[in-house]
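Contents: one structure, followed by commentary.
The values are calculated or read from the model by the stated rules, or taken from the named source; none is laboratory data. Every value quoted in this text rests on a predicted model; they were computed, and no experiment measured them. Glycine also receives a Cβ, built like all others from the backbone with ideal geometry; neighbour counts cover every protein chain displayed.
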Amino acid sequence: MAPLLPVERLGTTALLRVGIVGCGRVARIHVERILALPHVQVAACMDIDPRAAEALAARASQTQGGEAVPTFTDHRAMLNGTRPEAVAIFTPHPAHFRPAADALQAGCHVFVEKPLSTNVQEAHDLARLARSRERKLGVGHQYRLRPSLMEARMRVSSGSIGRLRLVTATLAAPWLAAHSTDADAWRNEPQRGGGILSDVGDHLLDALPWTTGQAAQAVAAFQDRPTSGLDLVTAATVRLADGTLALLGLSALSVGTVFEINYYGEDATLRATDQALHETRADGVARAIALPPAEDTIDGNFVAAVRGERALCCSADDALDTVRLLDAIARSASSNQFAPVA
């Protein structure tokens, strides 16, 4: 593939042309948000299933005034044929690396749906490549934009709850019922990068080091898995850099959805969900913390970062912590041993 010309930082009103790689269900959600942003255009759609690419391209064309959006079944052909300034990648998890690396080499800014990679070395390589090319590489850990978690992070870092002693975090989801379609079948196959831990579970795993300001150092984990290897239930104890322990529980067998992180400080306790935050102090009364509305989407944040208006809420370097933690939990659960976070 011939290299593309370097793309300089765009101004606030310059048209940002985005190529889409992977046109399934998740891509459709993100592209609707991308199409709503000013001065942004879907330049091309690529998927190994041409019907998926054509369907998403038709939607983009309709929103962009009827101009045809070209489709491709190979991401290199898309890069060479349309030369976008940015590429957004929504492929299955193990297929993140190659299109991301090729797009960075071509001079594009890149957005990758989380996780950055299912492989620690690949994640390191992408982060290093983005730095060397001076390109933005954003990762879709959108829970960092939830006001409840942003406020919890601020209160933990400011010391307002006292020294942090323990964190408990729970995620439960009706996984098997939610991911039973043929298009999403790979999500139920851990050998293909699927499973609750590396999909919705990594929202929880990303939030843990981000809100506490502490990288994970070591893990002891156990999993209940059927013959397929799907991680139906995962329980893990994580030791953070300052010695604080975090207890994680994830279940794919829940009749409803739960997302909750509790921060136990010496002076107060915080209970954060994806929508609310409560604080309990010495009197034992849990008080709701008033939260502002969410100001941004992960897609809007990426575009603003490319234009130099703000920092990425989750860069590739930030996302490395989650990939390392995912890897350590998998190693510990498969070996029944304590695993360092590499």
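Data table
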read-out	value
Per-region count, region 185-200, residues in contact with a strand residue (DSSP E or B) (Cβ under 9 Å, 6 or more places away or on another chain) and surrounded by fewer than 24 Cβ atoms within 10 Å (Cβ to Cβ)	1
Criterion (buried (at least 18 other Cβ atoms within 10 Å of the Cβ) and of a type in the set (Asp, Glu)) met by exactly one of Glu122, Glu134	Glu122
Sole residue being touching a residue at least 24 places away in the same chain (Cβ under 8 Å), surrounded by 15 or more Cβ atoms within 10 Å (Cβ to Cβ) and over 30 Å from Glu295 (Cβ atoms), chosen from Ala252, Ala235, Ala272	Ala252
Qualifying residue in region 84-99 (condition: modelled with pLDDT of 95 or more, more than 21 Å from the chain's Cα centre (by Cα) and crowded, with 24+ Cβ neighbours inside 10 Å)	yes
Residues (touching an Asp or Glu at 6+ places or on another chain (Cβ under 9 Å) and under 12 Å from Ala53 (Cα atoms)) located in region 70-84	Thr71, Phe72, Thr73, His75
Test: residue in region 305-325 that is part of a helix (DSSP H, G or I), out of contact with any helix residue (DSSP H, G or I) (no Cβ under 7 Å at 6 or more places or on another chain) and outside the structural domain of Ala218 (by TED's automatic domain parsing)	yes
Selection within region 40-66 - at pLDDT 95 or above and not in a helix (DSSP H, G or I)	Val40, Gln41, Val42, Ala43, Ala44, Cys45, Met46, Asp47, Ile48, Asp49
Test result for Phe72, surrounded by fewer than 24 Cβ atoms within 10 Å (Cβ to Cβ), touching a helix residue (DSSP H, G or I) at 6+ places or on another chain (Cβ under 8 Å), of a type in the set (Phe, Trp, Tyr) and modelled with pLDDT of 95 or more	yes
